1. Just wondering, is there one or more residues in segment 7-29 that are part of a strand (DSSP E or B) and surrounded by 14 or more Cβ atoms within 10 Å (Cβ to Cβ)?
2. Out of curiosity, is Leu161 aliphatic (A, V, I, L, M), open to solvent by 60 Å² or more (accessible area, probe 1.4 Å) and within 22 Å of Thr237 (Cα to Cα)?
3. Which residues, taken from segment 276-294, are within 25 Å of Ala344 (Cα to Cα) and open to solvent by 70 Å² or more (accessible area, probe 1.4 Å)?
4. Checking the condition in a loop (DSSP other than H, G, I, E, B), in contact with a strand residue (DSSP E or B) (Cβ under 8 Å, 6 or more places away or on another chain), within 24 Å of Lys304 (Cβ to Cβ) and touching a residue at least 12 places away in the same chain (Cβ under 8 Å), which residue from Asn452, Asn386 passes?
5. State whether one or more residues within segment 554-569 are assigned to a loop (DSSP other than H, G, I, E, B), open to solvent by less than 50 Å² (accessible area, probe 1.4 Å), among the hydrophobic types (A, V, I, L, M, F, W, C) and modelled with pLDDT under 50.
6. For segment 380-438, enumerate the residues that are under 30 Å from Met493 (Cβ atoms), open to solvent by less than 50 Å² (accessible area, probe 1.4 Å) and among the charged types (D, E, K, R).
7. Kindly indicate the residue of segment 318-337 that is within 26 Å of Val62 (Cβ to Cβ) and not β-branched (Val, Ile, Thr) and also farthest from the chain's Cα centre (by Cα) among those meeting that condition.
8. What number goes with the only condition from (1) touching an Asp or Glu at 6+ places or on another chain (Cβ under 8 Å); (2) without any contact (Cβ under 8 Å) to a residue 60 or more places away in the chain; (3) not acidic (Asp, Glu) that Ile54 does not pass?
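The values are calculated or read from the model by the stated rules, or taken from the named source; none is laboratory data. From a predicted model like this one, the values you see are computed outputs, not experimental measurements. Neighbour counts are summed over all protein chains in view; Cβ atoms, including those assigned to glycine, are modelled from backbone coordinates with ideal geometry. For accessibility, only protein heavy atoms count, side chains too; no ligands or nucleic acids. Shrake-Rupley method; radii C 1.70, N 1.55, O 1.52, S 1.80 Å.
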Amino acid sequence: YVSNGRSYEGVTDDKGISLEANYKFGNATLTSITGYRDYSSGQPGDIDYSTVDILYRGGEGVVREFKTFSQELRLQGTAFNNKLDWLVGAYFADEDLTVTDNLRFGNQYGRFATCRIISGGGLAGFYSPTTPGCISPTGRAVISGALAPGVPSPFGPAGPLILAGFDRLEGINDRGSTQDIYSQNSRNYAFFTHNIFHITDNLALTMGLRYTNERKKFDALFGNDNTACAAQQAALTPLLANAGLAPVAGGLIGLSCQGNSTSELNGVAINDRRSEDEFTGTGVLSFTPSDDLLLYASYSRGYKAGGFNLDRSALKSPIGTFAAAGGAQALVGNLQFDPEIDTAYEIGAKYSRGPLTLNVAIFRQQFDSFQLNTFNGTVFLVQTVNGCGTDLNGGDRDLSAATGACPIDDVTYGVKSQGIEIESSLRPRRDLTIGLGLTYAETKYRNQLVGNDLGVPLDPALRKLPGDNLSNAPEVVTTGSIAWTPRIGGSGMTGLFYVDARVTGDYNTGSDLFPQKEEEGYTVVNARMGIRGPEERWSLEIWAQNLFKTEYAQVAFNSPFQAGTTAAPFVDPQFPGGRQIFSAFLAEPRTYGITGRFRF
């Protein structure tokens with residue numbers, strides 16, 4: 001669904017150039033690879049995904065662009081009578097990333113937000129979606145304390161303040177960011193080596209090491225015309241200390257300031273920088289007892305750089321207003337997230353003889369500071385998930401953002417993946433090939449999770465994660481294919497008949513693992529049929545992807561701000577107004593076409 005007048009029209013430009021040069025001298029080769037990439041994409045849209053005009057990005061002020069220059073030098077060769085294959089190199093990259101955004105509340109946001117508060121609590125009897133503030137005339141009189149002499153407001157003397165808060169929220173229509181500009185420069189360089197030692201004719205040791213230095217500079221400039229947020233905080237924050245008034249006052253403030261949309265940020269600039277360096281590498285021991293069989297064991301350590309969440313909603317303050325927190329610059333550290341470290345182990349065997357090829361691998365991976373980006377229905381959360389060696393007593397599974405902290409000395413990795421992978425290929429005759437594959441992978445979050453390497457509590461929106469599988473990580477995946485390429489007469493022409501299938505087990509499509517986002521197992525079949533000329537100088541093929549139109553969701557996410565009526569099984573304490581409504585990006589339907597190829 002799209003709201004009237006909200007367009008998804010955008011323009012994407014993508015261009016680049018690369019140059020590779022090789023120079024040989026003696027037993028060594030010097031390789032230089034130079035690249036430049038320039039990308040720009042407009043991203044307007046009706047991002048509430050409903051017919052109600054709640055939230056949108058519009059016009060030409062929504063652009064994501066990056067410009068990247070990279071240079072790599074490699075020198076490689078052999079030594080000691082080919083007993084050593086060696087390689088050394090260096091890499092440099094410089095990238096400028098700019099994100100321009102104008103996320104705004106729509107023309108119906110105020111009425112939608114007030115109705116959400118009125119319909120979901122003790123004020124439901126005053127629900128009137130056609131009147132200002134979504135409050136009936138009688139409700140206004142009751143809340144203000146002016147219904148009749150001796151009939152007090154349910155909010156006591158604070159009744160007029162609460163009613164004024166509803167009116168301010170009602171007035172937030174077509175307000176929000178006028179233009180937010182995020183800029184980040186990333187500069188990294190690395191030195192690396194990769195060497196294969198042929199210890200004997202049957203035994204080889206591969207050793208690789210890389211040093212990476214990463215530096216990021218960040219700055220942002222905000223523009224915002226939502227004056228109601230600051231006004232709500234000034235008028236209603238004192239009411240939060242009263243347990244009876246806090247739910248309504250907190251709801252009015254929260255829905256008026258969602259995503260840190262406030263004129264307090266208008267004209268405000270912030271900046272920060274971070275730097276890090278890491279050693280990564282690999283080691284592989286391989287043994288070939290015969291020409292048909294290879295056995296190996298490997299270890300590797302990988303690294304994904306930390307960075308900044310380019311989203312103003314991450315400027316969190318427990319105090320409330322930016323002024324009380326010392327300004328937005330005082331909170332800029334909340335935008336940072338940690339680097340991710342992957343430690344992997346694998347043992348396996350590769351066998352090939354005659355028409356049969358068989359590969360088997362057993363693997364295990366551990367992720368420290370696993371980088372997770374989640375949309376919780378209002379804002380994007382970036383957390384680097386870790387585990388805790390101490391029992392958190394359910395603090396990582398509750399609705400409190402204050403419980404579940406871990407002593408820093410007990411913080412450990414938060415995600416593991418282990419399993420087995422089998423691939424085989426059989427070629428019983430020259431023109432027939434059959435392929436089969438099976439992967440079993442237990443890819444899970446650990447129990448006792450925390451939000452970063454300092455052991456801060458996990459965000460309540462992620463409370464379903466502990467002990468469960470990662471999103472889009474089915475435990476079992478099987479694949480199969482068959483290709484037949486018969487000769488056609490004696491002209492050198494061949495035919496092609498090809499079918500492949502992928503059978504995927506159940507998995508969850510949401511990064512927060514809410515059970516409503518589960519996707520049942522499914523099978524996708526692709527097929528191709530054609531004819532090829534002599535030496536494949538030309539070919540003509542008809543093909544179909546997702547031949548049987550299997551329908552499944554790739555990603556499910558919480559629809560912004562939207563909750564429905566209370567109805568099992570979707571009731572969740574995080575949404576006291578009712579069940580959360582979800583949206584999803586579906587997989588591609590059946591597609592088909594004709595492809596012609598020619599070689600000269």
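1. yes
2. Details: aliphatic (A, V, I, L, M): yes; open to solvent by 60 Å² or more (accessible area, probe 1.4 Å): yes; within 22 Å of Thr237 (Cα to Cα): yes.
Taking the combined requirement at face value, the residue satisfies it.
3. Residues satisfying the conditions are Asp277, Phe279, Leu285, Phe287.
4. Asn452
5. Yes, segment 554-569 contains at least one residue that is assigned to a loop (DSSP other than H, G, I, E, B), open to solvent by less than 50 Å² (accessible area, probe 1.4 Å), among the hydrophobic types (A, V, I, L, M, F, W, C) and modelled with pLDDT under 50.
6. Of everything in segment 380-438, just one residue is under 30 Å from Met493 (Cβ atoms), open to solvent by less than 50 Å² (accessible area, probe 1.4 Å) and among the charged types (D, E, K, R), namely Asp431.
7. Going through the qualifying residues, I end up with Phe322.
8. (2)
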